[in-house]
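A.B. asks: Questions regarding the structure given below will be posed in turn.
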Amino acid sequence: MSSLPPFCLATWLAAPAAVALLLLTPASQSYAQTPAAQTTTAPAQSADPASASPSQTSVAATSPEQRGIAARAIDKVKQAAKSAGDIFNRVPCLPPKGGSKAMGSLPHVAGKLAAGQPVVIVAFGSSSTQGFGASSPEFNYPNRLAAQLRRHYPAANISVINAGVGGEDAPEMMKRLQTQVIDVHPDLVIWQVGTNAVLRNLDPGETAKMVEDGISRIQAAGGADIVLVDPQYSPAVNQRAESAGKMVTLLSKVAELRHVGIFPRFEVMRDWHEKQAIPVEGFVIADGLHMNDWGYACFAQLLGDDIIRSVGQIRLGVNVPADVRTYRPM
């Protein structure tokens, strides 16, 4: 059980047609759990009608039914993009106001995106990753991240696999690390961990050791970038402030030791509340633990911006080694 995220609004209306529709259409119902290892993929093609072949154009021109379907699809995409933007219109997703925090560069996934090669991202974790608290699966953070990256790289073949299982922490995650992470051959692993250990009063040191072992196994398997995500700032976690503080500190040390990135979720969310004056209820649901739609959306946006920033470095010829840390807005 874990949760929460932040970010700056990118360009929501530049959605690649069918993919943005699938990922962003809001649902009116809440959902409790989604299957682990859920994959969302996008075809490596442009939605620009100008890129269609003559035969495709001819079919579209001669089939009223297809014209009607295309028109409805475009309308739905626009509606979905507007709905996604509305989340941040209500509460803007701003980068944290003060200080800076190191976040590892992502040379492997950034290099593949810059080269136009297929990319596989595994979101590994517990209920924060699975999406508990979101109003529908479309609004969990892996789906929001996938949507953002596909908008930014509309011709890219990007797969984001949701390997989140509610209630788990490092001991349970280690049991499925091989099959649901390593065997998938990911380019990037985003590992959200530590919250349930805090809630269960488990030793933060033992959790950190397991995470370090897991990182070693992923790295030995071949080159994937890794980003750790520490516990969330929320009432349920803050009730165990001492344990939470130790967990945040130890995960940061593991990331530094193993030369991987870390997304400082606890500090980012605390900034929302303490410096941006957003009520906790604005990003956490009534259980005092899990994120709501805005929280997941902002979290995904910040993660996506980090990936996009790394791609920009690669394209500018700034090939930052994996063990060199880059600026992260904090």
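A.B. asks: Zone of Asp203 (label point 7 Å along Cα→Cβ, backbone N under 18 Å): which residues in the stretch 250-272?
C.D. replies: Under cut-off, by backbone N: 250-251, 254.
A.B. asks: While we're here: State the extension gain, in nm to one decimal, for the chain segment bounded by Lys97 and Ala155, taking 0.36 nm per residue of separation less the distance between their alpha-carbons.
C.D. replies: 17.5 nm
A.B. asks: Here's something else I'd like to know. Based on alpha-carbon centroids, what's the gap between the stretch 290-307 and the stretch 147-203 in Å, whole number please?
C.D. replies: Each part reduced to its Cα centre gives a spacing of 15 Å.
A.B. asks: In terms of the Cα gyration tensor, with a ≥ b ≥ c the square roots of its eigenvalues, is the stretch 143-188 rounded because a/c is under 1.5, prolate because a/b exceeds b/c, or oblate?
C.D. replies: Numbers: a/c = 4.38, a/b = 2.00, b/c = 2.20.
Oblate is the answer for the stretch 143-188, as a/c is 1.5 or above yet b/c matches or exceeds a/b.
A.B. asks: Continuing with the same structure: Determine ³J(HN,Hα), in whole Hz, for all residues of the stretch 195-204 in sequence, where each value follows from phi through the Karplus function 6.51 cos²θ - 1.76 cosθ + 1.60 and θ = phi - 60°; x replaces Gly and Pro.
C.D. replies: Going residue by residue, I get 5, 5, 5, 5, 5, 8, 6, 7, 5, x Hz, with x marking Gly and Pro.
A.B. asks: Okay, next question. 5 Å is the cut-off here: which amide hydrogens, built 1.01 Å from N in the peptide plane, fall below it relative to Glu168, excluding neighbours closer than 5 in sequence?
C.D. replies: Ser127
A.B. asks: Run the simple label-point estimate for Glu172 and Gln276 please: 7 Å along Cα→C-beta, distance reported in nm.
C.D. replies: 2.9 nm
A.B. asks: Let me ask something else. Check Ile226: other-chain or 5+ apart residues with amide H under 5 Å from its amide H, H built from backbone geometry?
C.D. replies: It is Val189, Gly261, by chain and number.
A.B. asks: What is the set of long-range amide H partners of Gln232 at a cut-off below 5 Å, with H atoms built 1.01 Å from backbone N?
C.D. replies: Ser3
Every number in this text was worked out from the coordinates using simple rules, so none of it is lab data. Keep in mind that this is a model prediction, so the values were computed, not measured. Using ideal geometry, Cβ is built from the backbone for each residue, glycine included, and neighbour counts are taken over all protein chains shown.
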